[in-house]
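Enquirer: Structure in structure tokens, see below.
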Amino acid sequence: MPDVHGSGLLARLDAVFYSRGVDAAHAIGFGDAFFYEDLAKPESERGIHMEQVYPELGERAYRAWSDKPDRHPY
């Protein structure tokens, strides 16, 4: 399943067990294609309001992570 696959990879799981596949999920209206379709739209047309705030704080956090010698690679 695409949704579980991505989450499983990010969580560094060793295994994911499921009973139905991607095609079965899409057939009943589940899937992650709409995420990518929505993100491809301009921010003003997306299904959820998204607004960048305080980029300087984010830059500090990203720099701290990047400079961390024992960080786990993603």
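Enquirer: Could you work out the local net charge near Met50, counting Lys and Arg as +1, Asp and Glu as -1, over the other residues with Cβ closer than 14 Å to its Cβ?
Expert: Values: positive: Lys41, Arg46; negative: Asp38, Glu43, Glu45, Glu51.
Value of the local net charge: -2.
Enquirer: A further question follows. Hey, got the dipole for the chain? About the Cα centre, +1 on K and R Cβ, -1 on D and E Cβ, debye to the nearest 20?
Expert: 260 debye
Enquirer: Fewest to most neighbouring Cβ within 10 Å: what's the order for His49, His26?
Expert: With the fewest neighbours first, His49, His26 line up as His49, His26.
Enquirer: Taking the structure as given and computing Kirkwood radius over Cα pairs in Å, which label from (1) 17.2; (2) 18.8; (3) 15.8 fits?
Expert: It is the one labelled (3).
Enquirer: Most fluctuating residue of Asp23, Asp38, Asp14 in a GNM of the chain with Cα springs under 10 Å: which is it?
Expert: Top of the fluctuation ranking is Asp14.
Enquirer: Could you grab the relative contact order for the chain? Cα pairs under 8 Å, six or more apart, rounded to a whole percent.
Expert: Computed value for the chain: 24 percent relative contact order.
Enquirer: What ³J(HN,Hα) values, in whole Hz, does the Karplus curve 6.51 cos²θ - 1.76 cosθ + 1.60 give for region 20-27 when θ = phi - 60°, with x put for Gly and Pro?
Expert: Here the 3J(HN,Hα) series is 10, x, 4, 4, 5, 5, 5, 4 Hz.
Read-outs throughout are calculated quantities, based only on the coordinates presented, and are distinct from any laboratory measurement. Values in this document were obtained by computation on a predicted structure and should not be read as measured data. All Cβ positions, even for glycine, are placed from backbone atoms using ideal geometry, and neighbour counts span all protein chains on display.
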